[in-house]
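Engineer: Pasting a structure here, questions to come.
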Amino acid sequence: MEIRCTLIIFLNLLFAIPSEAFAQNESWEEAKKKKSATLDLHWFVSQPFIYKDKSEKLTGLEVEIFQEFKKYVKATHQVEINLNWVESKSFGSILNDIETSKKPNCFGVSAFSITEERKQKLKFTQAYLSDVAVLVSSEGTPIVRTLEEINNLMKGMTAVTIEGTTYEKFLSDLKQQLNLDFQTKYIRSDENILDAISKADNRFGFIDLPIYLMLIKNGGNLTRQNFFTVKGNGYAFIMPKSSDWNTIFNDFLGDPKTKAKLADITAKYMGLELYKFMEGIYEEENLRASILTKEKELQLEQLRNTNLLLEKEKNTQLTFIIITVITSILLAIIFILFYREQKISNLLSRKNKQIEHQQRSIQSKNEQLYNRNLQLTSLNEEKNNLVKILAHDLRSPINQITGLLDILKLSHKNFNNEDENIIHQAQDSAQRLNQMITKILDFDALEGNRMKVMREEIDVRDLFDKVEKELEVTAIKKDTRIYYQLKENIQFESDHLFLTQILENIIVNAIKFSDPASEIFVSAEKKKDRVLFSIKDQGPGLTEEDKSLIFKKFQKLSAQPTAGENSTGLGLSIVKKYVDLLNGEVWVESEKGKGSTFFVALPNN
């Protein structure tokens, strides 16, 4: 009887233990067998990634990501996941706890940037959001442009950061690289760097780009130093080195449905516009110019909202003034009946003072609006100056090359035909490059996102001869034979420079990706109201995925250059842009292992 009672007590104690007590040291492999697991998620406040709302409920971008992960694991592997949120003392303590943990089922959740130093101690999931940090300073701080200005500005300022974060490392790198001397103020992990910078007029610090852009969108006025922008490897979640949970988590992040859901979640906390900008910024050729443009767009939007608010306020004030005047008139009539002229005069005097006060308020708001317009004008002038400098620096060496070639022709009159042909080709290439720079860097084209098309009469046979001469050396180096086929001569109107660039880019691409001693066939023919060019090669061909990406910027395809040539992934995207400017169409027909044929159709009218 005593044994039975002891057994019952033991069983009661056993079942009274919470289920989380048995969920320790659970790997992903074990979870798949048991069909359940508990994840310990160590977190600290980092808005908008993870924080508590007014009702003390845990919320944020990363909270919803893990909730979606729980659903994903349940749907794909029938494993029930319990999320155990563990609040840490600080941001740095999360890094230490995860690094020293022996449990594979624990994660660090607080907007961790992927760095090489951290990867030596921790395991990261794939990045779920782009990571760019910018340097901001107190409102009214001048924008620095030279090393002397940087030293003069920062030697009297105080840097604000959080210990153990990438922000602190960026400040340390800045101090070492530029040999700067400034003080550093550390704030708690749950405090906001932007708030700390705003409280004084001599502070600066690094902050995430989306957080800064949200500040600008909401009317904030901190100064961003455009020359200090750091592009990271993205935000991700951390785990101990021994954990295998990154396998299933990366599968989750790579799932197309997950990507669509993550886009909705991220847009919810930072806005759809800023999310799309952050996702596309890594493809931009000039990161600083892209951020400057987005900053200008947000400020213009804020300015428009302010104008609407001022207009509404003016209408309200006008309505109030009208009501006040009507009221005054009615009061004056009443006071005429009951009081003497002196009392009526005093009342009108008080009303006039009230109106003057309102007019001064309107004048003050107009001054604020004028100052913001001056700031936007300054930013726009800075951007235009950068473009002008670039144009000047490119044109000068090209003009020098053209001048030297002219001198060479005048001083050496006994060149053979081959040498004269080479000099002529060099002059023609320099002239064409100068024309390209003029078109690309045209102020109106840059500001309006358009380029000028110079239409002229084009003889296709002459065009083929010119392209053949330009690419003769490139083809000989690769032992490639290029056949230019034309059944009848064709003449039509188009932009000679753009069309030459289109054909040369496609043919050079064909040479680059074909084996030595290959053959390339270039032809042109009239098709109703179009002129159709085709370039057929004997290269490796394209997969379906390649064909969907081939005309986009910075795309690396399955095929590789056959002689180790360099490939930037820009050539065919430039072709697409030129063809669009000419109101034409470009496409490719190809099968894997059977070569490719590129078609360019241009209007013939």
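Engineer: With the structure loaded, tell me whether Thr474 is at pLDDT 90 or above, closer than 30 Å to Asp419 by Cβ and surrounded by 16 or more Cβ atoms within 10 Å (Cβ to Cβ) or whether it fails that test.
Structural biologist: no
Engineer: Check whether at least one residue in the range 461-470 is assigned by TED's automatic domain parsing to the domain that holds Val579, at pLDDT below 90 and more than 33 Å from the chain's Cα centre (by Cα), and report yes or no.
Structural biologist: Yes; the residues of the range 461-470 include at least one that is assigned by TED's automatic domain parsing to the domain that holds Val579, at pLDDT below 90 and more than 33 Å from the chain's Cα centre (by Cα).
Engineer: Quick one: which of Thr146, Thr158, Thr76 is surrounded by fewer than 19 Cβ atoms within 10 Å (Cβ to Cβ) and not assigned by TED's automatic domain parsing to the domain that holds Gln176?
Structural biologist: The unique qualifying residue is Thr76.
Engineer: Related question: Restricted to the range 469-505, and to residues that are among the charged types (D, E, K, R) and assigned to a helix (DSSP H, G or I), which residue is nearest to Ile574 (Cα to Cα)?
Structural biologist: Glu504
Engineer: Considering the range 524-540 alone, what residues qualify as being surrounded by fewer than 21 Cβ atoms within 10 Å (Cβ to Cβ) and touching a strand residue (DSSP E or B) at 6+ places or on another chain (Cβ under 9 Å)?
Structural biologist: Of everything in the range 524-540, those that are surrounded by fewer than 21 Cβ atoms within 10 Å (Cβ to Cβ) and touching a strand residue (DSSP E or B) at 6+ places or on another chain (Cβ under 9 Å) turn out to be Glu525, Lys526, Lys527, Asp529, Arg530, Leu532, Ser534, Lys536, Gln538.
Engineer: Additional query: Given the structure, is Asn489 among the polar types (S, T, N, Q) and closer than 27 Å to Lys592 by Cβ?
Structural biologist: It is false that Asn489 is among the polar types (S, T, N, Q) and closer than 27 Å to Lys592 by Cβ.
Engineer: Kindly list, by first and then second residue, each pair from a residue in the range 29-45 that is closer than 22 Å to Ala236 by Cα to a residue that is assigned to a helix (DSSP H, G or I) and aromatic (Phe, Trp, Tyr), limited to pairs with Cβ atoms under 6 Å and residues at least 6 apart or on different chains.
Structural biologist: Phe44/Phe91
Engineer: Mind telling me which of the residues Lys409, Lys365 ends up being surrounded by 11 or more Cβ atoms within 10 Å (Cβ to Cβ), under 30 Å from Leu331 (Cβ atoms) and modelled with pLDDT under 75?
Structural biologist: The match here is Lys365.
Condition check ((1) assigned to a helix (DSSP H, G or I); (2) over 27 Å from Asn373 (Cβ atoms); (3) at pLDDT 80 or above) across all residues:
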{"residue": "Leu262", "(1), (2), (3)": "yes, yes, yes"}
{"residue": "Tyr275", "(1), (2), (3)": "yes, yes, no"}
{"residue": "Tyr282", "(1), (2), (3)": "yes, yes, no"}
{"residue": "Lys294", "(1), (2), (3)": "yes, no, no"}
{"residue": "Leu298", "(1), (2), (3)": "yes, no, no"}
{"residue": "Thr306", "(1), (2), (3)": "yes, no, no"}
{"residue": "Lys312", "(1), (2), (3)": "yes, no, no"}
{"residue": "Phe335", "(1), (2), (3)": "yes, yes, no"}
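Engineer: Does the range 231-244 contain at least one residue that is surrounded by fewer than 19 Cβ atoms within 10 Å (Cβ to Cβ), among the hydrophobic types (A, V, I, L, M, F, W, C) and in a strand (DSSP E or B)?
Structural biologist: Scanning the range 231-244, I find no residue that is surrounded by fewer than 19 Cβ atoms within 10 Å (Cβ to Cβ), among the hydrophobic types (A, V, I, L, M, F, W, C) and in a strand (DSSP E or B), so the answer is no.
Engineer: What's the number of the condition Arg4 fails, among (1) at pLDDT 85 or above; (2) part of a helix (DSSP H, G or I)?
Structural biologist: For Arg4, the exception is condition (1).
The values are calculated or read from the model by the stated rules, or taken from the named source; none is laboratory data. Keep in mind that this is a model prediction, so the values were computed, not measured. Using ideal geometry, Cβ is built from the backbone for each residue, glycine included, and neighbour counts are taken over all protein chains shown.
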